Amino acid sequence: MTKVISVREAIDLVHDGSTVAVGGSGAGHALPQRFIDELAAVFTAEGRPRDLTTVRIVGIGDFADRGFSQLGLPGLMKRTIGSNIGNEPRLGALVEKNELEAYSFPQGVLSLLMREIAGGRPGLVTAVGLGTYVDPRQTGGKQNARTTEDLVEVVTLRGREWLLFHAFPINVAVIRGTTADEDGNLVMDGEAVQGEMLSMAMAARNSGGIVIAQVRQLARRGSLPLRDVKVPAALIDYVYVDPDQWQTYITRDSPYYAGRLRRPVTAEPPLPLDVRKIIARRSLLEFRAGAICNLGFGISQLIGRVAWEEGITDQLVLTVEQGIFGGVPVAGNEGGAGFNYQAMIDQPYMFDFYDGGGLDVASLSFAEVDADGNVNVHAFEGRVRGPGGFPNISARTPKINFVGTMTAQGLELEIQDGVRVVREGTLKKFVPRVREISFNGQLARERGQQVRFITDRAVFALGDDGLTVIEIAPGIDLLRDVLDQMGFAPRVADDLRTMDRRLYATGPMGLAADLGVAGTGR
């Protein structure tokens, strides 16, 4: 019996009430997009399949109409589980209207949970999420009033508290590769990430479900290099072909993202000197040579580009939670990819490394910070979103920089040898109490983590008694531009320093010399 079917036949295999896990990541990385297109079309035309539970590890979408936004159709789902719904706005709108149940769990939790389901275990036991929104003593990851079932509980093992995220059966797993042979062996040599395709396939099979794979092309039986097979044919029930499969939503096929070639060092115009670059530069000053690092979404993504400009990329091991180890992470709407990396590993292994405290330093964004050093990155501006891998990255990393502007909504700055506030933002981001907790400041102090809050005009350190201002930018008035823009009163360091003036240079900062690096290694 042939495993090769049409995408329409693949949709016919999904029955009402099924739990469907979809592989891939944000930006279209390794995403079976053709399945999503057809599922939306069939449901719109025929009203089936209905009442699905959908699971995706990373938010899948382009922040507009592609990806899981296409599945924001009333009646298609009864429940959705993911780590970030922010790039799926049409689905998010249904969640806000209480039209379906929705859970937001950390990206690493969901990634590792696939292995627990595959192994027949009761769930994932982890310290990630304790004391944050996902702790059942707070919201338990529930994103609206319609969501009531508890899928996470506090357990005590060997005298310590842990969270147990419940396992559940997967009826259908939809994964993606580049090529499959006639038997169904799957290779991913053209993909920008590998995700957890193998774990998902095992989870579905061991749940008594089916595995469907999207590929760009077919190969003759026995023609694929054996060591390149990422998911063996024995785990794949059906394959359909999408010859128009793009590597990401933006890129058809980059050999650099796939790791087939190293991107050469070429002259490129530097990033414009704006507030985002200044913040990224200041965060990079906290990184030491040889450090293994993670760069979060937003401003932190620029750190890789700044390191490239400074010629120090090869002095740092920059990682991306999707599985990119070393090299240069890609910023912007293709975040999750990288180039010139040491290795591309499966996402669950990267989260094993993060959860175990393997990182030296991380730079992550913030939306709100409060007097206790709690950070909210997942619930703000009145919209449901999600934290992605933020809770995993921040849980055990010994040194963390949280980056962002002091205020938002209308903020205008003039940058010239320092910072001048032209117009203040109307939204204060340093608040008496965050709306929900993505990072627990008290637990960070107990764990001995070094935490910095790096903004456009000041740097704060988290100590036993809360936040302390330790640096301000040239041109900034401490009272008017910093303290008066906060919803609480931080301490001011006795040795308050001025931020490094090189941050405002139009050319390179000279970080290669700081690290004792000759030349421009990239």
Next on the checklist: How large is the convex hull of the C-alpha atoms of the stretch 191-334 per residue, in Å³?
Outcome noted: 154 Å³
Checklist entry - Per residue Cα convex hull volume for the stretch 7-241, in cubic angstrom? => result 115 Å³
Checklist entry - How about K429: which lysines have a C-alpha closer than 21 Å to its C-alpha, ignoring those fewer than 8 places off in the same chain? => result K277
Checklist entry - What does the convex hull of the alpha-carbon atoms of the stretch 298-390 project to on average, in nm²? => result 7.2 nm²
Checklist outcome for this item: Calc'd 3J(HN,Hα), the stretch 387-395, phi into Karplus 6.51 cos²θ - 1.76 cosθ + 1.60 (θ = phi - 60°), Hz, glycine/Pro = x, comes to x, x, x, 3, x, 5, 5, 8, 5
Checklist entry - Could the peptides 2-8, 159-165, 178-184 be put in order, highest first, of the mean number of other beta-carbon atoms found within 10 Å of their residues? => result 178-184, 159-165, 2-8
Item to check | Dimensionless Rg over Rh [the stretch 78-196; C-alpha; Kirkwood] | outcome: 1.03
Checklist outcome for this item: Here the alpha-carbon Rg of the chain over 2.2 N^0.38 Å rounds to 0.98
Checklist entry - So which aspartates and glutamates pass the test for K3, namely a Cα distance under 18 Å, with those fewer than 8 places away in the same chain ruled out? => result D12, D181, E182, D183, D237, D242
Checklist entry - Quick one: helix 197-206 against the long Cα principal axis of the chain, what's the angle to the nearest 10°, folded into 0 to 90? => result 50 degrees
Checklist entry - How big is the stretch 377-469 by the Kirkwood estimate over distinct Cα pairs, in Å? => result 14.8 Å
Checklist entry - Roughly how many whole Å is it from the C-alpha centroid of the stretch 140-155 to that of the stretch 278-334? => result 34 Å
Next on the checklist: Could you sort the peptides 137-150, 84-97, 217-230 by per-residue average Cβ neighbour count (10 Å cutoff), highest mean leading?
Outcome noted: 84-97, 137-150, 217-230
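Can you list the equivalent-ellipsoid semi-axes of the stretch 249-313, largest first and in whole Å, using the square root of 5 times each Cα gyration tensor eigenvalue?
After diagonalising the Cα gyration tensor, the semi-axes are 22, 15, 13 Å.
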Checklist entry - So what J values fall out for the stretch 241-249 if you push phi through Karplus, 6.51 cos²θ - 1.76 cosθ + 1.60 with θ = phi - 60°, rounded to Hz, Gly and Pro as x? => result 10, 10, x, 9, 4, 8, 5, 9, 5
Checklist outcome for this item: Note: Q442 to D494 extended length (0.36 nm per residue) minus current alpha-carbon separation gives 16.4 nm
Checklist entry - Of all trypsin sites (Lys or Arg not before Pro) in the stretch 451-514, which ones are in loop regions per DSSP and have a Cβ with at most 12 other Cβ atoms within 10 Å? => result none
Checklist entry - To the nearest 500 deg cm²/dmol, what mean residue ellipticity at 222 nm is calculated for the chain from DSSP H runs of n ≥ 4 alone, each contributing -39,500 (n - 2.57), summed and divided by the residues? => result -5000 deg cm²/dmol
Next on the checklist: Through the Karplus equation 6.51 cos²θ - 1.76 cosθ + 1.60, θ set to phi - 60°, convert the phi angles of the stretch 29-42 into ³J(HN,Hα) values in whole Hz; use x for Gly and Pro.
Outcome noted: 5, 6, 9, x, 4, 5, 5, 5, 4, 6, 4, 5, 5, 5
Checklist entry - Volume per residue, Å³, of the convex hull around the alpha-carbon atoms of the stretch 439-507? => result 115 Å³
Next on the checklist: Using amide H atoms built in the peptide plane, which far-off residues or other-chain residues are under 5 Å from A473 H to H?
Outcome noted: A458, M499
Next on the checklist: Quick check on my link table: of K78/K230; K142/K399; K97/K142, which ones sit more than 20 Å apart, alpha carbon to alpha carbon?
Outcome noted: K78/K230; K142/K399
Checklist outcome for this item: The Rg/Rh figure for the stretch 275-514, Cα atoms and Kirkwood Rh, to two decimals is 0.94
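Only the coordinates and a few stated rules stand behind these numbers; no lab work does. What you see is a predicted model, and the numbers here were worked out from it, not measured in a lab. Cβ atoms come from the backbone with ideal geometry, glycine included; neighbour counts cover every protein chain shown.
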